[in-house]
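Working notes for the structure below.
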Amino acid sequence: MQRDLGSRDQRFIETVARVRARLLSIAGADDERYASIPVQGAGTFGIESVFASCTPPGGKWLIVSNGAYGERMVRMLDMLAVPYAVTRSPENRPPDATAVASALDADSRITHVAIVHCETTTGIMNDIEAVGRVAQQRDRRYFVDAMSSFGAIEIDLEACGIDYLVSSSNKCIEGVPGFSFVIARRAALASTRGWARSLSLDLQSSLEGFEKNGQFRFTPPTHAILAFDQALTELLDEGGVAARGARYRHNREVLHRGMTAMGFRGYLEESVQGPIISTYLLPADDAFEFDDFYDYLSSRDLVIYPGKLTQAPSFRIGTIGRITAENVERLLGAIEDYLVERGIDLQNHG
Ligand SMILES: Cc1ncc(COP(=O)(O)O)c(C=O)c1O
């Protein structure tokens, strides 16, 4: 990141080409069938680029939602004035592929289906393969938000029937924030020419730009791309997606063991819990206050997340990023100190 490359400079163009090729290889995707398209901005910009540029005139989406990121997709479609239907399941339950099948069978106007892989609202893992099979059998295009899972959890694009997948620079690939990327099935994207409802988020034009001169159409986050190139090298050095996923799973096991031993209760059943982020119910003890807890940890350089559940007060702890079980142990030690200092005994209060 300390190098300052010109965005039209040959060295930067080569970096972008390498990053795009490595993304495909991490996705296990073939360059003939898929293309990777970096999109400036946060992950949300990448998601919005799919809705804004891949919806045909008269098209309709089915959003499969069980959390805040599914609901954000719904908001985007509202803002774009694109028709949609929603199948919702509770935040602690993965969507049911049969319900998706019924929704598709009941409405032939639906052309596209979208789902979140790891719903970071809770940390639940949704079965993108089962839902994808249903969409594929019914000839619908399929879009997966893999923001918080891509790079650590294997995703078989072909087996899932994925036409569009979105993730970002700063989650499991461990780059710095600055851009997202779309992995698109070439045949699907090629059919979208002329559909874009946004100039800057037009994916087909972006891809044409990359393929014409290797450049972004508009100023790219050059430093974030350089950092990402290094982050991809480190991902490959670590042993790729499987090894990274194993480290995260271990982080999460250490976390959950320690948290439950102290008396915290996880929100999700373990059978649907992923290794990315875990939700814990806020203890009922009046002495336990989230803001105070957060500040206590943050002042020790330990950063957690507030809860995002609609149903119960909670907080979340992420186990991804450049952290190991030792970092998790340090967090657990600080949480234990907090409980002792505030005189909170979760074993008695629950
Ligand atoms: C599943 C999922 N989708 C979308 C987003 C939005 O990404 P961003 O905050 O980069 O816009 C996030 C962020 O955590 C996420 O976890």
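Bear in mind these aren't lab numbers, they're just calculated from the coordinates by the rules spelled out. Just so you know, these numbers come straight off a predicted model, no measurement behind them. FYI the Cβ positions are ideal-geometry reconstructions off the backbone, even for glycines, and counts take in every protein chain you see.
So here's what we get for this one:
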| read-out | value |
| --- | --- |
| Whether the stretch 254-350 is rounded, prolate or oblate, judged on the alpha carbon gyration tensor where a/c under 1.5 counts as rounded | rounded |
| Rounded to 5, the percent of DSSP beta bridges in the stretch 10-238 classed as antiparallel | 45 |
| Phi-based couplings in Hz for the stretch 302-313 (Karplus 6.51, -1.76, 1.60; Gly and Pro marked x) | 10, 10, 10, 10, x, x, 10, 6, 8, 9, 8, x |
| For the stretch 164-303: rounded, prolate or oblate by the Cα gyration tensor [a/c cutoff 1.5] | prolate |
| Helix runs (DSSP H) in the chain reaching 27 Å along axis by Cα, Kyte-Doolittle at least -1.0 | 240-262 |
| Helix-only CD estimate at 222 nm, as mean residue ellipticity for the chain, using -39500 (n - 2.57) per DSSP H run (n ≥ 4) | -13500 deg cm²/dmol |
| Simple label model, 7 Å out from Cα along Cβ direction - Asp31 to Glu158, nm | 1.8 |
| Under 5 Å, built H, 5+ apart or other chain: amide partners of Val86 | Ile63 |
| Tensor-based shape of the stretch 1-159 (alpha-carbon gyration tensor, a/c under 1.5 rounded, otherwise prolate or oblate) | prolate |
| Bridge type composition, the stretch 138-191 - antiparallel percent by DSSP, nearest 5 | 60 |
| Magnitude of the charge dipole, the stretch 10-238, Cβ model with Lys/Arg +1 and Asp/Glu -1, debye to 20 | 760 |
| Order of Tyr338, Tyr34, Tyr305 - criterion: other Cβ atoms within 10 Å of each residue's Cβ, fewest first | Tyr305, Tyr338, Tyr34 |
| Dipole of the stretch 10-238, positive end: most advanced residue of Ser108, Val131, Ser149 [Cβ charges, Cα centre] | Ser108 |
| Square roots of five times the Cα gyration tensor eigenvalues for the chain, Å | 35, 26, 17 |
| Charge dipole (debye, nearest 20) of the stretch 271-346; +1 at Cβ of Lys and Arg, -1 at Cβ of Asp and Glu | 500 |
